[in-house]
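Have a look at the structure below before the remarks.
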Amino acid sequence: MTVEHFRVGADIGGTFTDLVMLGQDGTLHVRKVPSTVDNYEAAVVDGLAGLRAAAGVPSEQVGEVLHGTTVASNAILEHKGARTGLITTRGFRDVLEIRNLRMPRLYDLHWEKPSPLVPRYLRLAVDERIDHQGGVDKPLDPDEVERVVRRLLDEGVETIAVCLINAYVSADHERQIEAAIERLAPELPRCISSEVLPEINEYQRTSTTVINAYVMPIVAGYLRRLDQGLRATGLTSPLLLMQSNGGLISAEVAARKPVNIIESGPAGGVVGAQALAGKLDLPDIITFDMGGTTAKTSLIEGGQFTRSLDYQVGGGIMVGSRLLTGAGYQLKVPAIDLAEVGAGGGSIVWIDPGGSMRIGPHSAGARPGPVCYGMGGEEPTVTDANVILGYLNPDYLVGGELPLQADRGARVFQDRIAGPLDLELARAAHGAHQIAISNMIRAIRAVSSERGRDPREYALFAFGGNGPLFAAGMARALGMRRIVVPPSPGLFSSFGLLYADVEHHYSRSLKRILRDCPPALLNEAWGALEAEARSQLANDGFQPGQLELRRGANMHYKGQIFELSVPAPDGDFDAAKIAELEERFGQEHERTYGHRAGPEEPVELVNIELIGRGLPDRPLMPEQLKLATEAAIAPAAARRAYFGPEAGWLETAVVGRADLDGGRTGPLIVEEYDATCLVPPGATARRDDFGNILIELP
Amino acid sequence: MADLTDPIEFELFKNAIFAIADEMAVTICRTTYSGVLRDNMDFSTALADADGKMVAQGLTLPGHLGSIPAALAVVVERFGAEMGPGDMYIMNDPFDGGMHLPDIFIFQPLYADGERIAFAATICHHADVGGRVPGSNASDSTEIYQEGLRIPPLKLFEGGRRNDTLWSLIEVNVRIPVQVKADLRAQLAACHVAEGQFGELVERYGVDKVRLYMREVIDYAERLTRAAVAELPDGEFSFEDWIDDDGIDVDRPIRLFVTVRKQGDSMEVDWTGSSPQVKGAINNTLSFTVAHSVAAIRSVLPPNIPNNEGVFRVIKVIAPPGSIANMVLPGACAARGLTGFRMGDCMFGALAMMLPDRVGAASDGGNTGVSIGGYDAERKPYIYVDFACGTWGGRPWADGLQGNANMFANMASQSVEVIETEQPMQILSYEFVPDRAGPGRYRGGAPYRRDYRFLEKEAVLQVRSDRRKFRPYGLYGGWPGKPSANAMNPEGENRPLASKLTMTIRQGDVFRHELAGGGGWGDPLDRDPAAVLADVRNELVSPGAAADDYGVIVDTADWSVNEAATAARRAELRADRPAEPLKVAWHEPSASEQAAD
């Protein structure tokens, strides 16, 4: 490997595509370009060519391209996936549409269920039945299968999903149907539930399999075009995709199992936070990623991020609590556990009929955007409040391209908010800032105190265009003392891609009372998953010495309807290891729920899991980071900023990140290319070797 | 807004106090052992002021709206004077502030500087409280004394010390003490969470401001509610609906009658005219009637009005004592859910008279309960309980939802595959049934069926269903939904069964339940032919029914609407229609009374 080796992270968002290129010596080149909505790959291909040209990096020096994308989730949200057919067991044609009955809102006569991704006339049944132990109750009739497949082909489906009742115990019938599809339409994309998700629970399995089929043609086409585009600019490096679970997979695997890259977008930032926090010896952090419309949080504990076992695509933002579910499309694949609230810079500030100031969830978005952008926005927003408060540069949007109309923003805020509430303008704007904080606190509680974790024991890791501006207020409200603001916080999701490992997740249902389960059965089941992982990682180009295999088990007390995932011991299972696994479950149950049952309550194994990880042959994180070009902004030396009714207006130094090397005490405003960081009075801030701003609250 | 309040500080306080109520709810969800609580969210949490006036209710089951104030009022009245820090109260007696016996309340007074300033309140549906049948939810009990353990308002903790006498008494009177005790502990844990976080609130704002802002949160909700109610038309709007029977007196229909009076910025809901209380266990406490009345009204008011005392100041609910809406001793009430669901439909009927374009036709009538219990080959008992619901009536702007929980009990269904690993049965069908939804310009939701094949030697099957004789009504020209149905061995003898039944079943027997279809809204002849075509293509409406009910002629060869034939057919059908569409329809326009049964 030569010294001139660069790795590229490319993250596509709704408005911007962010690109970062990191040299082995820690030099970081960044670029933000508008997303190209009609053909997302163009922004990546052209943006990267531009970034390389500016940095003078020839194509052969790019080692790999790591990519996070919302292509798959957009296809679902906008209902632009492939025309999909579904084949299921007679009597169960409507599993996909009935879902689990639950709706996400109370007292709402206007509620509409998300429309099923496969309409009823493309959901066809075959008269077959496998029992819950894998025995055949009613065999499959090949003639009927052929009739059903032909009917779907006649309807012009572009892809077929197959999900039969109890296929998690026996894939025989599904395989026979797959063979029939292959025979009748060899080119047609297809997937069967026993391969996509061999787990119990017909609704989750059907929904996951259907989503996979629905986005498969789109994702495959996109990845093909992206790969061709990159190659046309001379790149020969492998293309790897970020998965919802925080690991990378090759473009080839992603095209086959796109269900794993649906929530690819927000994962990068969490992975980056985990990597940087590890360098700082901060094992316990809460990430806080705030952009223009939403804020997302996640928990990293002992250096590991937390994963949820399932989630809903397009479930919308959390409305107060995550107890209410049913808004989106159910996916049973592991994903980094994120809580999201509808609060961002574009969130609209309004007064409700009861006379209360409220923030969001409506957002002015990027267009028309806040009033002060002067692009036609008429509703006061959180960003307008931040300009009034002096936190944001009143002359131009950081980055310099967009001149701001601060007066206009202030006038609208005065007329719509401060006037009706009979408050001074600054006081009202400060109130909006505080209320936005109190809304976002709910997302942090969702990942911490709602799971028995005390946020005060964690550091806050803030990024996104607005994260650094609100971090101090968030931390103070939650009693947190330490804040980390990474370099290029506004592009941090793409930066984080650089620190992910190649990772494959496997699972299988094995529903047994754990203590009665023969060890041989466990060895055999895990052995099969391990063989699958080894073969996949070998395909990815990893040597046997570069593999890490980690087992997990989903379990509950018999009679419970939810599961907890705990790490399972390695090696051959015996009675002692089974007892150890049962004990680990008891401990996790106590930690999460505050109590555990006695030995009279048997633990039931539901699913076994395996994570296969390819370890890189060299450290991904250089010993220090530096931006290739410090942002070309000449900050004003100081301006007045408002810090609440007690502190009032204070003369506040406006500095660049480099000015923090010796450590400084707030109030300070750190202005950069892609974000503004607020250091309140009394707090101290300094820059470390990795370019992070470390803030300590008094 | 009161003079002393700062609008910013007030908004932050309001967020904080509702966050506490929500975090109490999450604590229960997190620490409960029971699937009923977690999956059906059959619990509620709240904070109230020192007098027991509810300030903030957490995320809640609509059926619990208003339950906490009624129960807390009794506790404050009885123990107010002698209450002290570290006390906690427990109760479940429906004749002393409670709801029905499985719903156990736990309250904790919260103190600052030695003064009581608030209450933390929780209510949870427990999996068993003793009585005649496992689960304590039999619909065929005829007195409260058969239904389980009655707990009047009592101190469960005094000065931080647990009353072990009471604790043991509860323990020995329930079938699954491990679970019940774990769920009681979940309620205690939620109160402790409230105590800690409320303490922080007092530290931040001081006692005086906390009192002031709690009052203001109630006033704020009242202002919002009054402003919204003032927008509704004034007048008196009545509605009548019938429950088939109580399962005891099987030929006696049970009348529900409600009058909604609206004047200016206040409302009254009056259940006078409803049936006297019945023998079967479907009688309501007044608090349960209040819950369903207010929940229905809430769904025509704008969202984001906080649930608290302020709402109840605006909406008064009355019902004569001794009626099914306000039972007296010794009324049985374990299965009152049925009546609650139907009161919801009845309320929506009255509101539809007030607001024709804002409320939909009747739902399937709420949960059907199916339980199958017996002993396996090793004489080990098993019991399987399933609740089915999922169909809404057509709405003035859209079809009724299908495969969606009833608004008054937002429950989740169990996985068929999980049921098959745990119970001696197979589910053979769980899908929509065509031609059962009430036709309309916006049709009712299609009901689903569930077929249960029983695999053990012998068991007792109990079914509680309704909406057989009295179908889900249609509105403003919409037709009613088809009735619910029960059958034995549908692919063999196909023997029809009663709506409420207890019978023995044997290995291989298949029991089928079909929900009632949702009622339709508006004349089916006004339905967009493209929507009818989609329903035919999706096999939810047959081509014959499309022609007969909707007057739409579909060409199934190329999936198109034959427009000329449709126009002719619609003209022909329209000639027989009355000039004014029926506001409420219990039968198809041409059908006789008998045909409906």
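Below, the figures for the structure above:
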item: Count - residues of the range A:70-122 that are out of contact with any Gly (no Cβ under 8 Å at 6 or more places or on another chain) and not polar (S, T, N, Q); result: 27
item: Total residues in the range B:352-392, condition at the interface with another protein chain (Cβ under 10 Å from one of its Cβ atoms) and under 18 Å from the mean Cα position of the chain (by Cα); result: 7
item: Test for B:Phe237: is it of a type outside the set (Asp, Glu) and outside the structural domain of B:Met24 (by TED's automatic domain parsing); result: yes
item: A:Gln587 in a loop (DSSP other than H, G, I, E, B), under 31 Å from the mean Cα position of the chain (by Cα) and among the polar types (S, T, N, Q); result: no
item: Subset of the range B:489-542 (residues that are polar (S, T, N, Q), in contact (Cβ under 8 Å) with a residue 60 or more places away in the chain and within 21 Å of B:Ala437 (Cβ to Cβ)); result: B:Ser499, B:Ser542
item: Candidates A:Gly467, A:Gly452, filtered to the one that is in contact (Cβ under 8 Å) with a residue 40 or more places away in the chain and more than 14 Å from every other protein chain (Cβ to nearest Cβ); result: A:Gly467
item: Residues of the range B:468-487 satisfying the condition of being without any contact (Cβ under 8 Å) to a residue 60 or more places away in the chain and either under 13 Å from B:Gly394 (Cα atoms) or in contact with a Gly (Cβ under 7 Å, 6 or more places away or on another chain) (or both); result: B:Lys482
item: Answer residue from the range A:576-597, given it is free of Cβ contacts under 8 Å to residues at least 12 places away in the same chain and among the charged types (D, E, K, R) and is surrounded by the most Cβ atoms within 10 Å (Cβ to Cβ) among those; result: A:Arg596
item: Set A:Thr27, A:Thr70: member being farther than 30 Å from A:Tyr311 by Cα and among the hydroxyl-bearing types (Ser, Thr, Tyr); result: A:Thr27
item: Condition check for A:Val349: under 30 Å from B:Gly310 (Cα atoms), crowded, with 24+ Cβ neighbours inside 10 Å and either aliphatic (A, V, I, L, M) or touching a Ser or Thr at 6+ places or on another chain (Cβ under 6 Å) (or both); result: yes
item: Residue within the range B:118-125 that is modelled with pLDDT of 95 or more and surrounded by fewer than 24 Cβ atoms within 10 Å (Cβ to Cβ) present; result: no
item: Of all residues in the range A:308-335 being modelled with pLDDT of 85 or more and more than 13 Å from chain B (Cβ to nearest Cβ), the one that is surrounded by the fewest Cβ atoms within 10 Å (Cβ to Cβ); result: A:Gly328
item: Whichever residue in the range A:42-62 is of a type outside the set (Ser, Thr, Tyr) and out of contact with any strand residue (DSSP E or B) (no Cβ under 8 Å at 6 or more places or on another chain) and, among such residues, is nearest to A:Ala10 (Cα to Cα); result: A:Val45
item: Odd one out for A:His433, checked against (1) within 12 Å of another protein chain (Cβ to nearest Cβ); (2) outside any helix (DSSP H, G or I); result: (2)
item: Any hit, the range A:670-692, residues being loosely packed, with under 14 Cβ neighbours inside 10 Å, touching a residue at least 60 places away in the same chain (Cβ under 8 Å) and not small (Gly, Ala, Ser); result: yes
item: Filter pass, A:Gly269 being touching a Ser or Thr at 6+ places or on another chain (Cβ under 8 Å), of a type outside the set (Ser, Thr, Tyr), away from chain B (no Cβ under 14 Å) and surrounded by 24 or more Cβ atoms within 10 Å (Cβ to Cβ); result: yes
item: Residue match in the range B:561-572 (condition: touching a Lys or Arg at 6+ places or on another chain (Cβ under 6 Å), within 30 Å of A:Ser115 (Cα to Cα) and surrounded by 14 or more Cβ atoms within 10 Å (Cβ to Cβ)); result: no
item: Subset of the range B:394-405 (residues that are of a type outside the set (A, V, I, L, M, F, W, C), within 19 Å of B:Arg449 (Cβ to Cβ) and touching a Leu at 6+ places or on another chain (Cβ under 9 Å)); result: B:Gln402, B:Gly403, B:Asn404
item: Residue ID - farthest from the other protein chains (Cβ to nearest Cβ), chosen from residues in the range A:146-167 that are under 30 Å from B:Gln423 (Cβ atoms) and free of Cβ contacts under 8 Å to residues at least 40 places away in the same chain; result: A:Ala167
item: Selection from the range B:408-419 of residues that are facing chain A (nearest Cβ under 7 Å) and part of a loop (DSSP other than H, G, I, E, B); result: B:Asn410, B:Met411, B:Ala412, B:Ser413, B:Ser415
item: Strands (runs of 3 or more DSSP E) wholly inside the range A:52-134 that include at least 2 residues being at the interface with another protein chain (Cβ under 10 Å from one of its Cβ atoms); result: A:84-89, A:123-126
item: Conditions (1) more than 7 Å from chain A (Cβ to nearest Cβ); (2) under 21 Å from B:Ala516 (Cβ atoms); (3) touching a Lys or Arg at 6+ places or on another chain (Cβ under 7 Å); number of the one not met by B:Gly403; result: (1)
item: Unmet requirement for A:Arg150, which otherwise passes all of (1) under 21 Å from A:Leu197 (Cα atoms); (2) surrounded by fewer than 19 Cβ atoms within 10 Å (Cβ to Cβ); result: (1)
item: Single match in B:Pro109, B:Pro62, B:Pro69, B:Pro85 (criterion: within 20 Å of the chain's Cα centre (by Cα), modelled with pLDDT of 90 or more and either closer than 19 Å to B:Phe288 by Cβ or away from chain A (no Cβ under 14 Å) (or both)); result: B:Pro69
item: Among the residues listed as A:Asn466, A:Asn554, A:Asn539, the single one being within 23 Å of the chain's Cα centre (by Cα) and farther than 30 Å from A:Val603 by Cα; result: A:Asn466
item: Search result, residues across the range A:535-575 that are within 14 Å of chain B (Cβ to nearest Cβ), assigned to a loop (DSSP other than H, G, I, E, B) and free of Cβ contacts under 8 Å to residues at least 60 places away in the same chain; result: A:Lys558, A:Gly559, A:Gln560, A:Ile561, A:Phe562
item: Check on B:Gly438, touching a Pro at 6+ places or on another chain (Cβ under 9 Å) and away from every other protein chain (no Cβ under 12 Å); result: yes
item: Residue list for the range A:104-123, restricted to those being at pLDDT below 90 and more than 20 Å from B:Arg358 (Cα to Cα); result: A:Pro104
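The values are calculated or read from the model by the stated rules, or taken from the named source; none is laboratory data. None of these values were measured; they are calculated from a predicted model. As a convention, Cβ positions derive from the backbone with ideal geometry for all residues, glycine included, and neighbour counts pool all protein chains shown.
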